[in-house]
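K.L.:
Before we start, here is the structure in question, set down as structure tokens.
The values are calculated or read from the model by the stated rules, or taken from the named source; none is laboratory data. All values reported here derive from a predicted model rather than from experimental measurement. Note: ideal-geometry Cβ built from the backbone for every residue, glycine included; neighbour counts use all protein chains shown. In case anyone asks, the SASA skips ligands and DNA or RNA and just uses the protein heavy atoms, side chains included. Shrake-Rupley method; radii C 1.70, N 1.55, O 1.52, S 1.80 Å.
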Number of protein chains: 2
Amino acid sequence: MSAPLDASKLEITKTTTPSEPIPKEKLVFGKSFTDHILEIEWTKENGWATPTIKPYHSFALDPATCVLHYSFELFEGLKAYRDSNGKIRTFRADKNMERMNRSAKRAALPTFDGEELLKLIDQFLLVEEKFVPTGYGYSLYLRPTIIGTSVGLGVSAPTKALLYVIASPVGPYFSAGFKPVSLEATDYAVRAWPKGVGSFKLGANYVSCIEPQMEAAKRGHSQNLWLFGEEGYITEVGAMNVFFVFKNADGTQELVTPPLDGMILPGVTRDSTLELARSKLPSSEWTVSERKLTIHEVKERAAKGELVEAFGTGTAAIVSPIDNIEYQGESIKVPVAAGSSGELTLKINNWIKDIQYGDDTFKNWSRVAQ
Amino acid sequence: MSAPLDASKLEITKTTTPSEPIPKEKLVFGKSFTDHILEIEWTKENGWATPTIKPYHSFALDPATCVLHYSFELFEGLKAYRDSNGKIRTFRADKNMERMNRSAKRAALPTFDGEELLKLIDQFLLVEEKFVPTGYGYSLYLRPTIIGTSVGLGVSAPTKALLYVIASPVGPYFSAGFKPVSLEATDYAVRAWPKGVGSFKLGANYVSCIEPQMEAAKRGHSQNLWLFGEEGYITEVGAMNVFFVFKNADGTQELVTPPLDGMILPGVTRDSTLELARSKLPSSEWTVSERKLTIHEVKERAAKGELVEAFGTGTAAIVSPIDNIEYQGESIKVPVAAGSSGELTLKINNWIKDIQYGDDTFKNWSRVAQ
């Protein structure tokens, strides 16, 4: 009898040594954590055990635990925001649950009822309420994770796993307004490929991106613009999705991002950007496209003055403006008409931010923890 | 000042509760371990710390440790064999050190002097000497591993890492002689890609292979034969390299394995098979080829009666004979002329086994721990 994940069974043990939140101007992304951890153990035999919130603690892992050898690990990243009434809100967390279950299936790790985990996360947020900082750009970053915890070196599906959530208070990604970044278009290493696992949020997709990122940094660029294939298809930027804005000869504009063809992570901010753009931009003036595009198209349209803006999207920054792309020794300059970003980049940032902080509503995208 | 790995600094703390080795007929691969663990910590600031051999113990890992999120992990697999004089030998372990350093560089983990780690492994083997079982097919499996141990959720190169070696006594892969396996030729999932990380021994390459393996198992096949591209190139089998033997019209034969084009793990048994075949097979009768081959070639040559044998190679089994390949609903039958394997498969197994157990010598391929 394999038990489902059941939020109603939650057991909470609070720390006897509560800490004070770090002053918000001193926050560094992912470096400090709240006082507790949400954990649910899983075994193949018994399914999901009793969910617990306990004082934050280290894991005791046998050196032969499968997560340390065969990368049985996946994660999600989402944030909790404090609204003007002091309530704690999450943004489209159901999308994270959906993706987490897709990742789990692909990684031979256990799946679960996403709504049950959201209820547990709500309870976790209420316990950690004092760690959710106040102010635009401030939030509590949540890191749901599943690791395989079977002990043994045989390469097979884990029979034991641990789902856990930790939380880190974070400040604005760009502490003094936007700062546009320079990219190196990378074709000597590939992040993902057709029929691979690039569309799943597995730890396995991250390790291989660090060496190329260090190489790009040596040459003065912040991130890699990941190209694919002889055609030079644009896929992602660093660990974010990527968007371009082009101006057409007839005065209309196009917002473009690569399609979900199995190589692209289905980002929540990517999806939100597309949906809000389709909803808010006048269709007489704008086309919103999920289509393949190449570095050559970007280069040619930049040369013709038709490249209007470019930006990455992700949970950490919402949008990250791009002002330069280095490709085979040449610079493609990207305009930043609004000062530090393009105009649409800034609009999208504000649309999403307003929903996240509860100042605007759109569908059921914002959920109050209660 | 970043210290190099220095075997002369080894500190040994023996267990006060030594265990008795499990009777060898009860051994299961990678399930039981010896009494100790070899460990060396690394920090970006100070380099490699004092190597230690201590009682086997769990690691205390913060839930935000980078190995659990971004797959900063790599490993090697090699074996120690007891020779007829009772000495403990390793087989071409310098090749494992070479590959481990290649993996480390690609994974943004620390590199080290391979000969120093081999000296430490020799000392570890002398400490664990009683756990090295006697008899052909029996050995002590060694698992050198490096994990990133920095704590924090920023995606960047680890500034802390742990290199460790654990050891598991193992019996013959095929306990009652060879047992040929059936493969499912897999084209709906892709293990590796040009300019990807398939040629490095990273944990990241393993997690994605489990779900397809479970799918193949449901249909009665032991492993996946990983195909690549529209051409149906053959790359690897399960977590092993793969070889085919073809008979030519003029009576000569060809031993073929895919070339090291960046998608293939450079297996030590693969390399040994090639070198021994080139050295021992008469060149008037045999061609030994590292070349691309497709599932279509295998199918066509099987239909013409020119497919003579096929086998996987790896440290666990040396060779693993193949008797069937299922491709798009059709079975390609592979002869097993020597009963449970092809004749060359059996020969290669014995050539390598004899060197591993010190019954034959070839170059400097066998190293006595002392």
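K.L.:
Residues in the range B:204-242 that are away from chain A (no Cβ under 11 Å), in contact (Cβ under 8 Å) with a residue 12 or more places away in the chain, more than 15 Å from the chain's Cα centre (by Cα) and on the phi < 0 side of the Ramachandran plot: how many?
P.N.:
Residues that pass the stated criteria total 10.
The rows are residues; the columns are (1) surrounded by fewer than 21 Cβ atoms within 10 Å (Cβ to Cβ); (2) facing another protein chain (nearest Cβ under 10 Å).
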residue	(1), (2)
B:Met100	no, no
B:Phe131	no, no
B:Ser150	yes, no
B:Pro172	yes, no
B:Leu202	no, yes
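K.L.:
How many residues, within the range B:37-50, are open to solvent by less than 10 Å² (accessible area, probe 1.4 Å) and either more than 28 Å from B:Tyr173 (Cα to Cα) or in contact with a helix residue (DSSP H, G or I) (Cβ under 8 Å, 6 or more places away or on another chain) (or both)?
P.N.:
Qualifying residue count for the region: 3.
K.L.:
Further, regarding this structure: Kindly check whether there is at least one residue in the range A:181-204 that is of a type in the set (Ser, Thr, Tyr), closer than 26 Å to A:Asp94 by Cβ and in a loop (DSSP other than H, G, I, E, B).
P.N.:
Start the filter on the range A:181-204 by keeping residues that are of a type in the set (Ser, Thr, Tyr), which leaves A:182, A:186, A:188, A:199.
Adding the requirement that they be closer than 26 Å to A:Asp94 by Cβ leaves A:199.
Applying the additional criterion that residues be in a loop (DSSP other than H, G, I, E, B) yields A:199.
Among the residues of the range A:181-204, at least one is of a type in the set (Ser, Thr, Tyr), closer than 26 Å to A:Asp94 by Cβ and in a loop (DSSP other than H, G, I, E, B), which makes the answer yes.
K.L.:
Please report, ordered by residue number, the strands (runs of 3 or more DSSP E) entirely within the range B:51-96 with at least 3 residues that are in the same structural domain as B:Leu140 (by the TED database) and surrounded by fewer than 19 Cβ atoms within 10 Å (Cβ to Cβ). First the steps, then the outcome.
P.N.:
Values: elements: B:52-55, B:59-61, B:73-75, B:78-82, B:88-91.
Once the strands (runs of 3 or more DSSP E) in the range B:51-96 are filtered for at least 3 residues that are in the same structural domain as B:Leu140 (by the TED database) and surrounded by fewer than 19 Cβ atoms within 10 Å (Cβ to Cβ), what remains is B:52-55.
K.L.:
Now for a separate question. Could you tell me whether any residue of the range B:175-186 is at the interface with chain A (Cβ under 10 Å from one of its Cβ atoms) and at pLDDT 95 or above? Working first, answer last.
P.N.:
Initial filter on the range B:175-186 (at the interface with chain A (Cβ under 10 Å from one of its Cβ atoms)): B:186.
Filter once more, so that each one left must be at pLDDT 95 or above: B:186.
Yes, the range B:175-186 contains a residue that is at the interface with chain A (Cβ under 10 Å from one of its Cβ atoms) and at pLDDT 95 or above.
K.L.:
Also, I was wondering about something else. So which residues in the range B:34-62 are polar (S, T, N, Q) and either closer than 20 Å to B:Ala167 by Cβ or within 14 Å of chain A (Cβ to nearest Cβ) (or both), if there are any at all?
P.N.:
B:Thr34, B:Thr52, B:Ser58 - these are the residues of the range B:34-62 that are polar (S, T, N, Q) and either closer than 20 Å to B:Ala167 by Cβ or within 14 Å of chain A (Cβ to nearest Cβ) (or both).
K.L.:
If you go through the range A:253-267 one residue at a time, do you hit one that is acidic (Asp, Glu), free of Cβ contacts under 8 Å to residues at least 24 places away in the same chain and more than 28 Å from A:Lys79 (Cα to Cα)? Walk me through how you get there before you give the answer.
P.N.:
Within the range A:253-267, the subset acidic (Asp, Glu) is A:254, A:261.
Cutting the leftovers down to free of Cβ contacts under 8 Å to residues at least 24 places away in the same chain gives us none.
No.
K.L.:
Among A:Gly305, A:Gly329, A:Gly339, which is at pLDDT below 95 and more than 20 Å from A:Asp187 (Cβ to Cβ)?
P.N.:
It is A:Gly339.
K.L.:
Collect the residues in the range A:104-127 that are in contact (Cβ under 8 Å) with a residue 60 or more places away in the chain, within 14 Å of chain B (Cβ to nearest Cβ) and surrounded by fewer than 23 Cβ atoms within 10 Å (Cβ to Cβ), keeping them in residue-number order.
P.N.:
A:Arg106, the sole residue that qualifies.
K.L.:
Among the candidates A:Lys31, A:Lys24, A:Lys9, single out the residue that is within 9 Å of chain B (Cβ to nearest Cβ) and open to solvent by 10 Å² or more (accessible area, probe 1.4 Å). Break it down stepwise before answering.
P.N.:
Numbers: A:Lys24 fails: within 9 Å of chain B (Cβ to nearest Cβ); A:Lys9 fails: within 9 Å of chain B (Cβ to nearest Cβ).
Selected residue: A:Lys31, the only one of A:Lys31, A:Lys24, A:Lys9 that is within 9 Å of chain B (Cβ to nearest Cβ) and open to solvent by 10 Å² or more (accessible area, probe 1.4 Å).
K.L.:
Another question, if that's okay. For the range A:332-357, how many residues meet the condition of being touching a strand residue (DSSP E or B) at 6+ places or on another chain (Cβ under 8 Å), basic (Lys, Arg) and either under 20 Å from A:Lys280 (Cα atoms) or part of a helix (DSSP H, G or I) (or both)?
P.N.:
1
K.L.:
On to the next question. Pull up the range A:338-360, narrow it to residues that are surrounded by 15 or more Cβ atoms within 10 Å (Cβ to Cβ) and small (Gly, Ala, Ser), then point me to the one that is farthest from A:Val308 (Cα to Cα).
P.N.:
Checking each candidate, the answer is A:Gly358.
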